[in-house]
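Asker: Questions regarding the structure given below will be posed in turn.
Please treat every number below as a calculation from the coordinates, not as lab data. None of the values given here were measured: they were computed from a predicted structure. Cβ coordinates were reconstructed from backbone atoms using ideal geometry, including for glycine residues, and neighbour counts include every protein chain displayed.
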Amino acid sequence: MRWRSLNGERRTVTAAIRLGDDAVARGQWALALRHYGKANHHAVRVAQAGESDQDQTVLGSVYYNLAELRVKTGEVSMAWLCALQACQVYGRLDPTNARPTAVHSCLTDPSQFTFPSPPLAEERIALNADARSRYVLLSAGLVREFGSQALGVDVGGGALDGITDVREVVERIGESAVRTYQELVRHDTVYTEVDVTRTRERVTKARSIIDA
């Protein structure tokens with residue numbers, strides 16, 4: 001497909017996302033998936049141009065929503081892969097590198113981190129934590145569907161953080177995401193106990209899936 005100019009590609013992404021969201025609102029999952037697939041194709045092209053971190057954020061959100069749509073259409077392995085890709089994109093933007101212990105210093109002394117704006121840092125820390133908690137839940141579903149070795153299959157660059165044991169995924173990645181939101185709440189950001197609860201519920205559900 002011919003390159004349309006960077007702004008043209010961005011407009012295509014925005015239009016495809018809007019159509020995808022409209023289809024989601026009507027419960028038309030297959031149609032939404034087609035629109036988001038188009039958005040993904042163009043968002044990758046825009047992100048590869050490397051002009052703006054915001055383009056990376058948009059790409060992460062497309063992968064994130066694709067994961068949910070793949071769940072709706074019953075595509076367990078593709079949902080997991082999209083969740084992994086969302087984490088990979090958001091992980092590159094997160095100034096704490098998914099470390100809850102770094103949240104305090106990032107928000108109180110941003111000069112030592114890549115992103116000088118605390119509100120922007122807050123958002124990117126939260127996006128990564130949220131995506132990682134979704135990944136934990138989908139990892140549990142993948143293992144339930146395909147067995148204990150499912151995360152060891154080298155697709156999409158390998159399992160997140162190189163962790164292929166699903167219980168370790170839950171305890172290390174999942175609990176870290178919960179603690180990250182707790183730190184964001186402790187530092188009086190826009191995030192609340194609702195975010196902590198949502199993240200903890202995903203981790204709890206993942207445990208129940210692998211213990212079933």
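Asker: Test of understanding: in a Gaussian network model of the chain with alpha carbons linked when under 10 Å, which of GLY147, GLY20, GLY174 would top the mean-square fluctuation ranking?
Answerer: In the Gaussian network model the winner is GLY147.
Asker: Kindly provide the helix-only [θ] at 222 nm of the chain, computed as the sum of -39,500 (n - 2.57) over DSSP H runs of four or more divided by all residues, to the nearest 500 deg cm²/dmol?
Answerer: Value at 222 nm, helices only, nearest 500: -23000 deg cm²/dmol.
Asker: Give me the distance between the Cα centres of segment 1-56 and segment 191-212, rounded to whole Å.
Answerer: Result: 30 Å between the Cα centres.
Asker: While we're on this one: Note the full-extension length gain between VAL185 and GLU51 as 0.36 nm times their separation in residues minus their Cα-Cα distance, in nm to one decimal.
Answerer: That works out to 45.1 nm of additional length.
Asker: Using every Cα-Cα pair within segment 1-58, state what percent have a distance larger than 13 Å.
Answerer: 57
Asker: For the ranges 92-105, 21-34, what's the packing order if you count other beta-carbon atoms within 10 Å of each residue, average per peptide, and put the highest first?
Answerer: Going by the mean number of other Cβ atoms within 10 Å, highest first, we get 92-105, 21-34.
Asker: I would also like to ask the following. So if we plug the beta-carbon distance of ASN97 and VAL153 into 1/(1 + (r/R0)^6) with R0 = 22 Å, what FRET efficiency do we get, rounded to 0.05?
Answerer: It comes to 0.30.
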